[in-house]
Structure formats: C-alpha cells, structure tokens
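K.L.:
Have a look at this one.
Values quoted throughout were computed directly from the atomic coordinates according to the rules given, and no laboratory measurement underlies them. All figures in this text were calculated on a predicted structure; none of them were measured in a lab. Here the Cβ positions follow ideal geometry from the backbone for every residue, glycine too, while neighbour counts run over all protein chains shown.
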Amino acid sequence: MTASDGHRDPRPLVVYGATGFTGRLVVDEARRLGIDAILAGRNAKALEAMAEEVGAPELRVADATKPTTLDKVFEGAGVVVNCAGPFARLGEPVLRAAIAAGAHYLDTTGEQLWMARMMDLHSAEAERRGVTAILAHAFEYAIGECATRIAVEETPGAETVEVVNRVEGFGTSRGTKKSALDVLTKPALAIVNGRRLAEPQLAHRARVRFPDEDWDRVALSYGGGEVLSAPGFAPTVRTVRTYLVVPDALATLAPWVVRGAGALLTRRLRRLLEARIDQGAVGPGEERRNQPWWVLARVRAAGRETRVTASGYDSYGITGVICAVGAQWLLAGRAARAGVVTSAQAFDPRAFLDALAPAGVAWRIDRS
C-alpha cells in the first residue's frame, strides 16, 4: 500500500532489536500512538522480560547473523522497524527479509555507505513488491532530509546544499558507538559538480550561523544520508555536503585524529573496543539525552539563500517518535512511493515535521 486509501493496514508492527536502547524507545512511542508492537530480536530471555514489562502481544526470536532465522519473523507484518546495528554488518538480512515478507520497513541507521548500497541492491525488488523501505528514519537523517527537501523546493534553481547538525552535550548508545567504529574506516560521500565522490571524513570545513545565535559555528564534513537524496529534489542541484558542528579547538585536530584512528583500527582492536563498549551503559543518561539539537539545511542559488532550521531536545527520544509516527503513516498508506528510499522521498516533509511538534520539534524558514 503506497497511497492513502482511508484504511489502516491491519497487519502488525514488528520491532527488531526491541530490547536495545533505541528499540525500547520505539516500542514505548508506538504504544503511545495506540500501536502494540511485536518484539523481535536474538535474546529470548531479554525479549520475554520486556514483553512482560510492556504487555507486548507477542515475541519472535531471530538472529541477523543467521539470516535463515529471519524467514518467519516478519511473516504477516505490516511494518518492520529495525533498530539493530551496526547496519553494515547486521542490517541487510533484516531489510531483505522484510521486503520478502511484503512488509514496509524503517530503520535507525546512520551509515551512509550502507544506505547507498541498499538502495542500489534492493530498491527494484521493494518496488516490485509494493514495499516502502525507509532508511535512516531517525534523528539522523529524517529531520535533515525533510529540512533539505523544503529548502530545495523553496529555492528555484537550487545549486548548493549544505546540511549542518549541531547537538549539545550529546551522549551515545552502544549501537551508535559500534557504528561509529565502522564509519571511521570508511570515506564520506558528497556530490561535487553533479557527481557522487568519496572523500575523507571531516575533510571540509564550513562556517554557519544558527537562528538562536549571533556568531558563526565551525562544522566539519561527514557522510550524511541527505547526500543520497538531495540531488533528486531538483535537477539543478550540483553540490551536496553534510556537516557536524565541532568546538573551534577541535576543528583542526579532529580530521587528523579520525584518519589516524581509522588507520590503526584493526579487526582485533575493533573487537576489543566493542567488548569494552558492551561493558558500558546501554545508552546516555537522562541528563545528556535532554540536551538541545538543531539541524540546518542551507541551499544557495544565484545570489539567493534559503535556510530551513529544525530544533528540539533529546536526539534519541525524537528517534523513537520519528519511527513510531513513520510506522503509523506506513500502516495508514501515507507513503508516496515504494522502493528503498529516504524519509523525505517517502513522506511529505512539511507534514512530517509538523507531526513531530507534540514532541517539541519546531522548524522555520529564513531567506536572504
């Protein structure tokens, strides 16, 4: 179902990786919307404990490292939300199984190269089956996606797109830390003169001023998902990069540190680091989760500039909301198209950002 017909898909929501930090947030937010999720993952005992805690109607056990175990897990599902990363290692079997089951799909990846590969490999099959599979439907990159599409549409002849993320006092979950280890060793994709190119992480610097401040921030380039979709929002777009705000003192040092760390990160060292990560906290504490964030999409064309800025609090909490609302919209038939896509390719960007307002998300357009 890819066009609204006024009826809700009666098939259930399945959350894979439900017992992880982000998975629990998704399940909680879905319940607030009146959607009882089937819990899925590899740890039967953890699933049983969580099912008793939240009153889940059903649990299903499968391990993404053993793809054949996924065959039955998504049977009869209307939507699958995949919260189990790192996605470069664990994501493809889940995506493939969801498409094979005819279930719409959302995930919480932030891994740009994996996203590009999944679009290339699985979009045709998803389209053939009428399945909408939305990658990175989370704080990264759903909000930047929506802001980017709005800014491009508000800028006739849009040529240059820059998306800048700023998070204050950010803490991370175990899954995010493990994904970051993968990203360290890989390049970032950018669009330069109309061509997709691979560049080193943190290779480019931008200065940007947010609406709440009267000074410029320094931001360094990294591989964001908006690079994959922005050229499709207008044929005139020629350059796209995504950036992360960093403290001024780190702007010069950070690129060298990341490149050095990537060169030193052997398979053995990665295993040791991941073991250490697993011994730490599951996710950030409440005091760090409630820090503010901003996402700014800046689009330029022939002397004109449009800036769309979204803001809110708690990047992990809003990910739970984004996934739950996305699942609700997919079940309601509100996706614009089938295939392996991004958030703003699937949903109306203005309507989706507005749907996040009850969770504290605000957005604005500025022009110069």
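K.L.:
What list of ³J(HN,Hα) values in whole Hz, one per residue of the range 63-80 in order, does the Karplus curve 6.51 cos²θ - 1.76 cosθ + 1.60 (θ = phi - 60°) give from phi, with Gly and Pro shown as x?
P.N.:
Result, rounded to whole Hz: 10, 5, 7, 10, x, 5, 6, 7, 3, 9, 5, 9, 4, x, 6, x, 9, 10.
K.L.:
When only alpha-carbon atoms are used, what values of Rg and Dmax, in angstrom, describe the range 90-158?
P.N.:
Radius of gyration, then largest Cα-Cα span, for the range 90-158: 13.6, 41 Å.
K.L.:
On to the next question. What ³J(HN,Hα) values, in whole Hz, does the Karplus curve 6.51 cos²θ - 1.76 cosθ + 1.60 give for the range 93-104 when θ = phi - 60°, with x put for Gly and Pro?
P.N.:
Using θ = phi - 60°, the values come out as x, 5, 4, 4, 5, 5, 4, 4, 7, x, 9, 4 Hz.
K.L.:
Ok, one more. If you stretched the chain out fully between Arg128 and Glu154, how much longer would it get, using 0.36 nm times the residue separation minus the C-alpha to C-alpha distance?
P.N.:
6.1 nm
K.L.:
To the nearest 20 Debye, how big is the dipole of the range 305-356 about its Cα centre, given +1 on the beta carbon of each Lys and Arg and -1 on that of each Asp and Glu?
P.N.:
Dipole magnitude for the range 305-356 comes out near 160 debye.
K.L.:
Related question: So what is the relative contact order of the range 1-72, in percent, for Cα pairs below 8 Å that sit 6 or more residues apart?
P.N.:
24 percent
K.L.:
Compute the relative contact order of the range 42-158 as a whole-number percentage, counting only Cα pairs closer than 8 Å that sit 6 or more residues apart in sequence.
P.N.:
This gives 19 percent for the range 42-158.
K.L.:
Could you derive backbone 3J(HN,Hα) for the range 131-145 from the dihedral phi with the Karplus parameters 6.51, -1.76 and 1.60 (θ = phi - 60°), listing whole Hz in sequence and x where the residue is Gly or Pro?
P.N.:
9, 9, 10, 9, 8, 6, 8, 8, 3, 9, 10, 4, 5, x, 4
K.L.:
Could you name the aspartates and glutamates whose alpha carbon sits less than 13 Å from that of Lys72, not counting residues in the same chain fewer than 8 places away?
P.N.:
Asp63
K.L.:
For Ala362 paired with Ala49, estimate the spin-label separation in nm (one decimal), with each label point 7 Å from Cα along the Cα-to-Cβ line.
P.N.:
4.0 nm
K.L.:
Specify which residue in the list Val308, Trp294, Leu330 is farthest towards the positive end of the charge dipole of the range 289-337, using unit charges on the beta carbon of Lys, Arg (+1) and Asp, Glu (-1), about the Cα centre.
P.N.:
Positive-end residue among those listed: Val308.
K.L.:
Taking the Cβ-Cβ separation of Arg8 and Glu168 as r and a Förster radius of 51 Å, what is the calculated FRET efficiency to the nearest 0.05?
P.N.:
0.85
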